[in-house]
Amino acid sequence: MAGLYDVRPTVVVGPVSRGALVGALAAAALGVGFVEVRKNDGQATDSDRWIRRTTGPDYQDRHVVFGFRRDLVQSGDRVLMVDDWAATGETARVVRALVDDCGAQWIGAACIVDALGDARFRHDLPLRALLDVRNL
Ligand SMILES: O=P(O)(O)OC[C@H]1O[C@H](OP(=O)(O)OP(=O)(O)O)[C@H](O)[C@@H]1O
């Protein structure tokens with residue numbers, strides 16, 4: 001999936017839960033680090049620095065809080081998000097905002113299936129996929 005982009009990442013991020021599964025596989029194939037983007041979760045100790053952001057309504061009309069430990073993504077990193085599916089694009093939009101919060105370079109969102117309802121996300125994120133839902 002990393003081959004969908006020309007820029008090689010230094011870190012792969014994947015939102016739980018299926019994005020964490022495919023993201024970890026992509027990171028292992030690339031030989032780079034992996035960061036699990038947790039959902040409605042938070043710091044384990046008071047000393048952890050976490051960053052969090054909340055989505056707009058996703059495909060189930062939920063507002064989901066995504067976050068990860070701040071020091072896992074550094075300002076010099078090039079970050080690729082990997083997920084299985086994109087529908088509203090809210091998950092990818094918020095993960096991108098978290099990466100921006102870290103001052104890292106965002107490459108894009110690579111998904112197995114593109115089921116985006118709003119085509120603007122495809123261009124703006126950018127989002128690239130192995131399959132288009134309209135062809136399934
Ligand atoms: O484009 P969006 O509307 O944001 O939806 C896409 C997200 O929804 C699915 O996860 P889901 O929330 O079902 O969680 P799961 O992987 O834990 O089942 C999918 O794996 C994406 O992460």
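Since every read-out is calculated from the coordinates, none of them should be taken as a lab result. In this text the structure is predicted, and so the values were computed from the model without any measurement. Backbone-built Cβ (ideal geometry, glycine too); neighbour counts: all protein chains shown.
Could you give the distance between the Cα centres of the range 105-128 and the range 1-66, to the whole Å? So the separation of the two Cα centres works out to 15 Å.
Our coupling estimate for the range 55-68, obtained by passing each phi through the Karplus curve with A = 6.51, B = -1.76, C = 1.60 and θ = phi - 60°, is 6, x, x, 8, 5, 10, 6, 9, 9, 9, 8, 9, x, 7 Hz, Gly and Pro reported as x. Pairwise inverse Cα distances across the chain, averaged and inverted, put the Kirkwood hydrodynamic radius at 14.7 Å.
Taking the Cα centre of the chain as reference, the dipole from Cβ charges on Lys and Arg (+1) and Asp and Glu (-1) amounts to some 80 debye. Between Arg70 and Arg8, the simple spin-label model (points 7 angstrom out along Cα→Cβ) gives 3.1 nm. Under 18 Å from a label point set 7 Å out along the Cα-to-Cβ vector of Ala119, the amide N atoms of the range 73-96 belong to 86-89. Rounded to the nearest 500, the helix-only mean residue ellipticity at 222 nm of the chain stands at -7000 deg cm²/dmol, with each DSSP H run of n ≥ 4 adding -39,500 (n - 2.57). Between Ile51 and Phe68, Arg70, the built amide H atoms are under 5 Å apart, and every one of these is 5 or more places off in sequence or on another chain.
Can you bin the range 1-62 into rounded, prolate or oblate? Criterion: square roots of the alpha carbon gyration tensor eigenvalues sorted a ≥ b ≥ c, rounded for a/c under 1.5, prolate for a/b above b/c, oblate for the rest. Cα axes put the range 1-62 in the oblate bin.
Please compute the net charge surrounding Ile112, taking Lys and Arg as +1 and Asp and Glu as -1 over other residues with Cβ under 12 Å from its Cβ.
Taking every Cβ under 12 Å from that of Ile112, the sum is -2.
Between Arg78 and Leu21, the C-beta separation translates, for a Förster distance of 35 Å, into a calculated FRET efficiency of about 0.95.
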